[in-house]
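The values are calculated or read from the model by the stated rules, or taken from the named source; none is laboratory data. Predicted, not measured: the structure shown is a model, and the values here were computed from it. Using ideal geometry, Cβ is built from the backbone for each residue, glycine included, and neighbour counts are taken over all protein chains shown. Heads up: the accessible areas ignore ligands, DNA and RNA and are worked out on the full protein's heavy atoms, side chains in. Shrake-Rupley method; radii C 1.70, N 1.55, O 1.52, S 1.80 Å.
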Amino acid sequence: MSVTVRVPAKVNVQLAVGAARPDGFHDLANVFLAVGLYDEVTVTPADELRITCEGSDAEQVPLDRTNLAARAAVALAARRGIEPAVHIHIAKDIPVAGGMAGGSADGAGALLACNTLWQAGASRAELLAICAELGSDVPFSLVGGAALGTGRGEQLRTLEVGGTFHWVFAMADRGLSTPAVFREFDRLGEGLDIPEPIASEKLLGALAKGDPDALAAAVSNDLQPAALSLFPELADTLAAGRTAGALAALVSGSGPTTAFLARDPESAAKVAETLRSSGTCRTVRTASGPAPGATVLNG
Ligand code: C5P
């Protein structure tokens with residue numbers, strides 16, 4: 001018997017970042033929107049923990065116990081006093097090291113899949129607590145939809161969304177390390193007074209109304225200057241998408257994936273086509289949000 005869970009990618013429509021805390025993390029006001037690009041995580045009983053991965057970026061995925069999917073299985077098994085004896089297979093469609101929470105998605109997916117396979121009976125609250133231990137973005141991958149993350153991003157408040165938003169994502173030809181981007185944020189901010197991160201009321205209102213123009217006017221990412229500093233060519237990708245008619249262009253999370261908001265599916269297709277022929281990115285995908293969180297497909 002196997003259990004398969006589907007988990008969405010995310011884009012941060014607002015990422016407000018505070019000063020570094022004593023523990024090295026940063027307080028955030030992080031507005032997540034789940035979008036319809038998915039990884040599928042399948043768990044099957046096995047003699048011992050083993051991970052395999054398929055997909056165009058599969059060779060970049062670690063197949064040892066550092067993988068968040070493995071860590072999720074180990075964490076749940078430890079709480080139940082059992083062995084994490086599963087084969088975890090990841091069918092990967094979310095870009096790796098792209099700022100779209102692909103690793104977090106696999107962690108949330110493996111956790112939900114193992115909870116189902118082992119009939120471990122973890123409540124939603126326990127699953128969310130394990131997710132928060134695994135990483136700042138992992139709870140959102142479980143929940144999906146749209147949410148405001150505070151603390152280091154793991155304390156979630158679900159947000160109302162009044163419509164569907166259409167996005168284009170441009171994947172770069174190399175990844176960016178999230179810790180490196182936060183370090184660059186700290187370096188660029190040295191000596192400056194960094195304000196407390198606060199969610200934008202305009203942005204929350206635009207989400208609630210489902211208004212793409214209002215959302216475009218309100219999106220922001222405090223990590224964008226740091227990502228551009230480490231990966232200057234991303235400025236060309238952003239410019240190409242803006243020229244193609246995107247309502248807004250921004251780096252997704254810590255990057256290097258760039259995200260373009262479009263008014264409707266037709267406009268998204270046009271922006272995607274222009275980006276594809278621009279020579280400024282590796283691949284281009286369209287996806288809309290909000291999308292549901294981690295979902296058991298069978299089992
Ligand atoms: O929580 P997670 O393990 O996903 O975070 C990865 C890295 O990103 C952390 O080690 C830290 O360097 C940085 N980070 C941060 N502040 C946050 C979230 C992540 O500095 N709120």
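List the number of the failed condition for LYS92; all other conditions in (1) in contact with a Phe, Trp or Tyr (Cβ under 8 Å, 6 or more places away or on another chain); (2) open to solvent by 10 Å² or more (accessible area, probe 1.4 Å); (3) closer than 30 Å to LEU207 by Cα; (4) away from the ligand (no atom under 16 Å from the Cβ) hold.
Answer for LYS92: the failing condition is (1).
When the residues of the stretch 84-103 are filtered to those that are out of contact with any strand residue (DSSP E or B) (no Cβ under 8 Å at 6 or more places or on another chain) and modelled with pLDDT of 95 or more, which remaining residue is nearest to ALA287 (Cα to Cα)?
Let us first name the residues in the stretch 84-103 that are out of contact with any strand residue (DSSP E or B) (no Cβ under 8 Å at 6 or more places or on another chain), namely 84, 96-97, 103.
Those left that are additionally modelled with pLDDT of 95 or more: 84, 103.
On the way: PRO84: 34, GLY103: 18 Å.
By that ranking, first place goes to GLY103.
Would you point out the residue of the stretch 17-36, among those that are buried (at least 23 other Cβ atoms within 10 Å of the Cβ) and away from the ligand (no atom under 11 Å from the Cβ), that is farthest from ILE94 (Cα to Cα)?
VAL31
Given (1) away from the ligand (no atom under 14 Å from the Cβ); (2) within 16 Å of the chain's Cα centre (by Cα), identify the lone condition not met by THR42.
Tallying (1) away from the ligand (no atom under 14 Å from the Cβ); (2) within 16 Å of the chain's Cα centre (by Cα), THR42 fails exactly one: (2).
Looking at VAL13, VAL96, VAL35, VAL17, can you tell me which residue is within 24 Å of ASN298 (Cα to Cα) and of a type in the set (Val, Ile, Thr)?
Numbers: VAL13 fails: within 24 Å of ASN298 (Cα to Cα); VAL96 fails: within 24 Å of ASN298 (Cα to Cα); VAL17 fails: within 24 Å of ASN298 (Cα to Cα).
The conditions single out VAL35.
Got a sec? Which of LEU128, LEU112 is more than 12 Å from the chain's Cα centre (by Cα) and within 16 Å of the ligand (Cβ to nearest atom)?
Values: LEU112 fails: within 16 Å of the ligand (Cβ to nearest atom).
Just one listed residue meets the conditions, LEU128.
Give me a count of the residues in the stretch 131-181 that are open to solvent by 40 Å² or more (accessible area, probe 1.4 Å), within 15 Å of the ligand (Cβ to nearest atom) and over 16 Å from the mean Cα position of the chain (by Cα).
1
List pairs: first in the stretch 140-158 and of a type in the set (Ser, Thr, Tyr), second open to solvent by 10 Å² or more (accessible area, probe 1.4 Å), Cβ under 6 Å, 6+ apart or cross-chain?
That search, which allows pairs on different chains as well, returns SER141/ALA101; SER141/SER104.
Which residues, counting only those in the stretch 54-79, are of a type in the set (A, V, I, L, M, F, W, C) and open to solvent by less than 30 Å² (accessible area, probe 1.4 Å)?
Initial filter on the stretch 54-79 (of a type in the set (A, V, I, L, M, F, W, C)): 58, 61, 63, 68-70, 72-78.
Across the stretch 54-79, the qualifying residues are ALA58, VAL61, ALA69, ALA70, ALA72, ALA73, ALA75, LEU76, ALA77.
Where in the stretch 205-299 are the helices (runs of 4 or more DSSP H), entirely inside, with at least 3 residues that are in contact with a helix residue (DSSP H, G or I) (Cβ under 6 Å, 6 or more places away or on another chain) and open to solvent by 10 Å² or more (accessible area, probe 1.4 Å)?
Details: elements: 212-218, 224-230, 234-243, 265-276.
Because the criterion is at least 3 residues that are in contact with a helix residue (DSSP H, G or I) (Cβ under 6 Å, 6 or more places away or on another chain) and open to solvent by 10 Å² or more (accessible area, probe 1.4 Å), the helices (runs of 4 or more DSSP H) in the stretch 205-299 that meet it are 224-230.
Answer with yes or no whether ALA46 is closer than 25 Å to ALA291 by Cβ and modelled with pLDDT of 95 or more.
Working: closer than 25 Å to ALA291 by Cβ: no; modelled with pLDDT of 95 or more: yes.
No.
Would you please list the contacts, defined by Cβ atoms under 8 Å and residues six or more apart or on different chains, that run from a residue in the stretch 179-200 that is assigned by TED's automatic domain parsing to the domain that holds LEU215 to a residue that is of a type in the set (S, T, N, Q) and away from the ligand (no atom under 13 Å from the Cβ)?
GLU184/SER229; LEU188/SER229; ALA199/GLN14; SER200/GLN14; SER200/SER220
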